[in-house]
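**Q** The structure that follows is given in the form of structure tokens.
The values are calculated or read from the model by the stated rules, or taken from the named source; none is laboratory data. Quantities reported herein were computed from a predicted structural model and do not represent experimental measurements. Here the Cβ is made from the backbone with ideal geometry for all residues, glycine too, and neighbour counts use every protein chain on show. Keep in mind that these areas ignore ligands, DNA and RNA; they rest on the heavy atoms of the full protein, side chains included. Shrake-Rupley method; radii C 1.70, N 1.55, O 1.52, S 1.80 Å.
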Amino acid sequence: MDLLVNYLGLKLKSPVVVGSSSLTTSLDRLKKIEAAGAGAVVLKSIFEEEIYNEYRSILEKDNKEEHPDLGYLDYYDYKIKEDNIKAYLQLIHDAKAALSIPVIASVNCVSSWEWNFFAKKIQEAGADALEINLFTLPSDFNLTCEKVENTYFRIINNIKKAITIPVSVKLSYYFADLAAFVKRISDSGVDGVVLFNRFFHPDFDIENFSLVPTNVLSQDSDMAISLRWMSILSGRMGCDLIASTGVHDGASVIKEILAGADAVQVVSSLYKNGIEYISDILQEVKAWMEKHEFESLDDFRGRMSQVSSPNPDEYERVQFMRYFESKKYDLD
Ligand SMILES: Cc1cc2nc3c(=O)[nH]c(=O)nc-3n(C[C@H](O)[C@H](O)[C@H](O)COP(=O)(O)O)c2cc1C
């Protein structure tokens, strides 16, 4: 029996990829991740926003009158970007030297202004692939779907033109035409799509009247969204699909592969259970495969996807109609 996977044209020894997070920022942790059996790692994203914020805070701190000419701005612009990028590129370089599993770099972007520059450097540093994390909250009252979607395709096209390593796109599910949109993304020439990203959400501290983060880590129940969409989309895209959000244990890996996932990404479960938990997850998958006499993941991949189902409508059921008829959900 083996757990081998092909993802983005890369050979992975297992379907568990550790997703972009602070788990993947240091070489020590990356080595532990590899030792625990992960198939690949996605490094912590370098954020366009992060660079911009750092740039802004330095400008605000400094006395601008001492630097009246524009050269001052250019200097900081150049230096800060260099420092961030240098550290990131060094991590890619060191990770490639120390690990035998694929190292996927990650860039978070909300616009297309700086991408070619990042992407080329990342490829030169030795990354096996690039995952791009694309999302802006659709909170602008003047921004139409068409404009939002066009930005995505502009970014993808710019990156695909700039580099030759595989590119995957990490998406949210906030699209009115999600199935059609993912299909268009897949047709744009990307090598993979990550279903789905999970975001920071604010809560209210009602004593201090301030915003505070909430539910930073996912629950296993959060997997329902990626499981449904993986089931609906798999077998219909021209690129690989990897599940992300709520994959917490071996059973959830099995479910996503039954839905048609090429592989899965895991983050919150490792924050909760430790990096070593990857080997428990893989053990659970192997035990289940043994019980069901499967030799490889291909033996059952997509078996429960919508395209393979005799009852495809069940995957599209969204209303609770049946539950109103059921005694189980009555209060008395
Ligand atoms: C602390 C933390 C940091 C994260 N940082 C990033 C990041 O830099 N880039 C990114 O694309 N996703 C980031 N994510 C999102 C994860 O990669 C992942 O998509 C999300 O947590 C859902 O997977 P999970 O349910 O296994 O946690 C982060 C998540 C957490 C919890």
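**Q** Go through the residues of region 168-189 one by one and say whether even a single one is open to solvent by 70 Å² or more (accessible area, probe 1.4 Å) and within 16 Å of the ligand (Cβ to nearest atom).
**A** For region 168-189, residues open to solvent by 70 Å² or more (accessible area, probe 1.4 Å) and within 16 Å of the ligand (Cβ to nearest atom): present.
**Q** Could we say that residue 208 is within 12 Å of the ligand (Cβ to nearest atom) and either over 14 Å from the mean Cα position of the chain (by Cα) or more than 16 Å from residue 269 (Cβ to Cβ) (or both) here?
**A** Against the criterion (within 12 Å of the ligand (Cβ to nearest atom) and either over 14 Å from the mean Cα position of the chain (by Cα) or more than 16 Å from residue 269 (Cβ to Cβ) (or both)), residue 208 does not qualify.
**Q** When the residues of region 117-166 are filtered to those that are among the aromatic types (Phe, Trp, Tyr) and out of contact with any Phe, Trp or Tyr (no Cβ under 8 Å at 6 or more places or on another chain), which remaining residue is farthest from residue 182 (Cα to Cα)?
**A** 117
**Q** Just need a number here: residues in region 223-259 that are under 20 Å from residue 188 (Cβ atoms), crowded, with 24+ Cβ neighbours inside 10 Å and of a type outside the set (A, V, I, L, M, F, W, C).
**A** So the answer is 2.
**Q** Another question, if that's okay. Could you give me the residue pairs with C-beta distances under 6 Å whose first residue belongs to region 3-21 and is closer than 19 Å to residue 270 by Cα, whose second residue is of a type in the set (Lys, Arg) and within 16 Å of the ligand (Cβ to nearest atom) wherever it lies, and which are 6+ apart or on separate chains?
**A** 20/44
**Q** Going by the conditions given, is residue 220 open to solvent by 80 Å² or more (accessible area, probe 1.4 Å), closer than 27 Å to residue 174 by Cβ, within 14 Å of the ligand (Cβ to nearest atom) and modelled with pLDDT under 95?
**A** In short, yes.
**Q** Being touching an Asp or Glu at 6+ places or on another chain (Cβ under 6 Å) and small (Gly, Ala, Ser) is the filter; apply it to region 168-217 and report the residue that is farthest from residue 109 (Cα to Cα).
**A** 192
**Q** Right, another one. Based on what the data block shows, is residue 213 within 12 Å of the ligand (Cβ to nearest atom) and loosely packed, with under 15 Cβ neighbours inside 10 Å?
**A** yes
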